[in-house]
Amino acid sequence: MAKTTRLDLMASKQSGRKIVVVTAYDYSMARLVDRAGVDVILVGDSLGNVVQGHDSTLPVTLEHMIYHTSCVTRAKVDAMVVADLPFGAVQRGTASTLDASIRLVQEAAAEAVKVEGAGKRLSAIEAVASSDIPVWGHLGLTPQSVHRFGGYRVQGRGEGEGRRLVEDARRIESAGASALVLECIPHELSREITAELGIPTIGIGAGPECDGQVLVLHDLLGVDEEFVPRFVKHYAKLGETIPQALGRFVQEVREGVFPTLEHSYSTAAKGKGKAGRR
């Protein structure tokens, strides 16, 4: 496959071909996700919840994002790689946003960055886009604003709030964004925004009429069986499968069933088995 670019996503919007985005955080999973044929891998600051075990994305730093984005891009994927700008990078102003974006591209090989919110963030979006770095917007439930929202709540249900989100979406596009994530807003509002904009919309909990959809890899694979918000569908049950596999390993080691000589080396240099992980 050829490398997916910003222009490919625009072509998908214009043709009606749905865009597939998966959030992943490491080399091994990036290879598997890319093999499945997704268009975009988003390295999300949701790694704060999924990988680090925090109850929000706020503790995630720029160094964390550079590290995890580097792990993903090292897999040499055909999917476009988009990296979240973490809390603090944008809040400190345009210069900080631009510096963080440049580092994610230069040090981690990201091909685009994502900015949460509108308002004062619009100047930051414009600065990044003007610096030849594709930038995605993000509206609705923006996790970095969890304290202002008073929790993780659906956004845009009131008429006034819905109008504001439509206007913010227009402003984000005008500022130079090349795509817009819509999170946890009514599907009617997503439909309106998607029809209004010339750039692709990517939904998560925003209904079926966005130009594409994104889910966190761990969520769609059912790694955490207790985390099933309305917008998540489990396509596997790894929360069951992985403990079962580990349980068999524990049992076989304790019973002396594993390893056998088949999994062992001998003084005679026979066979072609490799030493080490790869």
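Just so you know, all these numbers are worked out from the coordinates, no wet-lab data involved. As the structure is a prediction and not an experimental result, all values here were calculated from the model. We place every Cβ from the backbone using ideal geometry, glycine too, and count neighbours over all the protein chains shown.
Ellipticity at 222 nm from helices only: DSSP H runs of n ≥ 4 in the chain, each -39500 (n - 2.57), divided by the residue count, give -12000 deg cm²/dmol.
What is the sum of charges, Lys and Arg at +1 and Asp and Glu at -1, for the other residues whose Cβ falls under 9 Å from the Cβ of GLY162?
On the way: positive: ARG157, ARG163, ARG164; negative: GLU159, GLU161, GLU188, GLU192.
Spelling it out: positives minus negatives among the neighbours equals -1.
Couplings 3J(HN,Hα) for the range 142-155, derived from phi with the Karplus relation 6.51 cos²θ - 1.76 cosθ + 1.60 (θ = phi - 60°), are 9, x, 5, 9, 4, 5, 5, 6, x, x, 8, 10, 4, 10 Hz, where x marks Gly and Pro.
The range 117-198: which chymotrypsin sites (Phe, Trp or Tyr not before Pro) are DSSP loop and have at most 15 other beta-carbon atoms within 10 angstrom?
Details: sites: TRP136, PHE149, TYR152; in loops: TYR152.
Those that pass, being in a loop and sparsely packed, are TYR152.
Say the cut-off is 22 Å between C-alpha atoms; which of LYS18/LYS120; LYS76/LYS233; LYS13/LYS233; LYS3/LYS120; LYS13/LYS114 go over it?
Working: LYS18/LYS120 31 Å; LYS76/LYS233 28 Å; LYS13/LYS233 24 Å; LYS3/LYS120 33 Å; LYS13/LYS114 19 Å.
Listed pairs above 22 Å: LYS18/LYS120; LYS76/LYS233; LYS13/LYS233; LYS3/LYS120.
Using +1 at the C-beta of Lys and Arg and -1 at the C-beta of Asp and Glu, which of VAL181, PHE87, LEU32 has the Cα lying farthest in the positive direction of the dipole of the range 6-237? Value: VAL181. Taking a sphere under 12 Å around the Cβ of ALA89 and counting the other residues whose Cβ falls inside, with K and R at +1 and D and E at -1, yields a net charge of -1.
Assign unit charges at the C-beta atoms only (+1 for Lys and Arg, -1 for Asp and Glu), then state the dipole size of the range 6-237 relative to its Cα centre in Debye, rounded to the nearest 20. Intermediate results must be reported in sequence, preceding the final value.
Working: 24 positive and 30 negative charges, 27 e Å.
Once rounded to the nearest 20, the dipole reads 120 debye.
Just the projected area, averaged over all directions, of the convex hull on the alpha carbon atoms of the range 6-237: how many nm²?
On the way: hull surface 45.2 nm².
For the range 6-237, the mean projected area of the Cα convex hull comes to 11.3 nm².
Dipole of the chain computed with +1 at Lys/Arg Cβ and -1 at Asp/Glu Cβ about the Cα centre; of VAL216, ALA124, LEU141, farthest Cα towards the positive end is VAL216. Distance between the C-alpha centres of the range 78-153 and the range 198-222: 18 Å, rounded to the whole angstrom.
Roughly speaking, what is the stretch gain from ARG31 to TYR235, that is 0.36 nm per residue apart minus the C-alpha to C-alpha distance, in nm to one decimal?
Values: separation 204, 0.36 × 204 = 73.44 nm, distance 1.82 nm.
Fully extending the segment from ARG31 to TYR235 adds 71.6 nm.
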